[in-house]
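Student: A single structure is presented below for examination.
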Amino acid sequence: MEKLFWCKICCSVTSQQDLISSVYGDFADVGNQTGSWLCKRAILTPRNDQAAAINLKILTHVSGNSVQYTSINTVMEEEDATHYPVEFLESLNTPGLPAHKIVLKIGVPIILLSLCPPKLCNGTRLKITNLQQNIIEAEILTGCGAGDVVFIPRIPLIPNNFPFSFKRVQFPVSLCYAMTINKAQGQTLSVAGVDLTTDCFSHGQLYVALSRVNNPNNLFVYIPTGSTYNIVYTEALS
């Protein structure tokens with residue numbers, strides 16, 4: 001059984017635009033911020049598609065030329081090729097798998113979606129310093145390698161949550177002005193925004209979102225309906 005109750009939240013904002021401004025300030029300045037400033041703030045959402053939409057919205061206001069990277073997708077078993085055409089594979093998205101199309105600019109923050117030894121692990125945040133056709137150059141913002149510059153290649157990734165096997169060759173990164181609440185678990189931020197256009201859907205998710213900052217004055221929440229559900233599985237607490 002889920003226990004649901006209405007929760008009142010302070011530091012609320014009235015629009016997604018206000019949420020972005022509260023966390024990142026003036027759109028025109030976002031692309032000029034330092035890595036140390038960027039890695040201490042984020043907008044959190046329950047769903048990947050919400051985070052992707054916010055990231056794209058912010059990216060369009062960042063100065064500079066954008067570079068688009070497209071993935072190569074192939075089925076692992078030859079007999080599956082007729083059932084799962086390339087266009088279908090390109091449309092697939094799942095947590096931990098980079099999108100078929102990634103649009104980036106120099107100076108924007110990204111988060112790593114896969115392990116890239118020796119210095120990079122899943123969840124590492126970086127700031128892009130250069131974009132090449134087959135390499136992304138970036139400065140590590142979090143973790144033991146913070147401050148180091150690394151080169152990220154395209155890598156093959158094989159998701160395991162589909163009824164068939166396919167491989168996507170892509171840079172294992174995504175923009176991280178906004179990220180999912182689950183991705184932010186364990187991180188401490190100076191400023192955080194929470195977009196609850198869609199309610200949290202799992203046990204403890206809302207608590208994780210609201211506990212990323214130490215100062216409640218630096219926590220900004222956007223709830224279009226004015227209230228939200230906190231989901232608690234009582235069995236997990238007994």
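Student: Treat the count of other C-beta atoms within 10 Å as a stand-in for reagent exposure and order ASP148, ASP26 from fewest to most.
Tutor: Numbers: ASP148 13, ASP26 9.
Fewest-to-most ranking of ASP148, ASP26: ASP26, ASP148.
Student: Figure the gain on full extension for ASP80 and ASN215 (residue separation times 0.36 nm, minus the Cα-Cα span) and round it to one decimal in nm.
Tutor: 43.3 nm
Student: Distance from the Cα centre of segment 45-113 to that of segment 115-129, in angstrom?
Tutor: If you average the Cα positions of each part, the centres end up 17 Å apart.
Student: May I ask you to compute the full-extension gain from GLN17 to ASN32, defined as 0.36 nm times their residue separation minus their alpha-carbon distance, rounded to one decimal in nm?
Tutor: Result: 3.5 nm gained on full extension.
Student: Using only the Cα atoms of the chain, what are the Rg and Dmax in Å?
Tutor: Reported Rg and Dmax, both Å: 18.7, 57.
Student: Could you check which residue among VAL173, VAL149, VAL191 shows the biggest mean-square fluctuation in a GNM of the chain with a 10 Å Cα cutoff?
Tutor: Comparing VAL173, VAL149, VAL191 in the GNM, the peak value goes to VAL149.
Student: Label-point separation (nm) for CYS144 and GLN68, each offset 7 Å from Cα along Cα-to-Cβ?
Tutor: About 4.0 nm, to one decimal.
Student: Over 20 Å between Cα atoms: which of LYS127/LYS167; LYS127/LYS183; LYS57/LYS119 fall into that group?
Tutor: Details: LYS127/LYS167 27 Å; LYS127/LYS183 17 Å; LYS57/LYS119 30 Å.
Flagged as over cut-off: LYS127/LYS167; LYS57/LYS119.
Student: Antiparallel DSSP bridges in the chain: what percent, to the nearest 5?
Tutor: Rounded to the nearest five, the antiparallel share is 70 percent.
Student: Let me ask something additional. Among SER12, SER174, SER165, which one moves the most in a GNM of the chain with springs linking Cα atoms closer than 10 Å?
Tutor: In the Gaussian network model the winner is SER165.
Student: Once you have the Cα-Cα distance between TYR229 and LYS101, take 0.36 nm times their residue separation minus that, and quote the gain in nm to one decimal.
Tutor: 42.7 nm
Student: How much FRET efficiency would the formula 1/(1 + (r/R0)^6) give for THR188 and ASN161, where r is the Cβ-Cβ distance and R0 is 25 Å, rounded to 0.05?
Tutor: Rounded to the nearest 0.05, the efficiency is 0.25.
Student: Loop-only check: which trypsin sites (Lys or Arg not before Pro) in segment 98-174 are DSSP coil with at most 14 other Cβ within 10 angstrom?
Tutor: When the trypsin sites (Lys or Arg not before Pro) of segment 98-174 are filtered for loop state and at most 14 Cβ neighbours within 10 Å, LYS119 remain.
No value in this document is a laboratory result; all are computed from the given coordinates. If you're wondering where the values come from, they're calculated on a predicted model, not measured in any experiment. With ideal geometry, Cβ positions are generated from the backbone for all residues, glycine too; neighbour counts draw on all protein chains shown.
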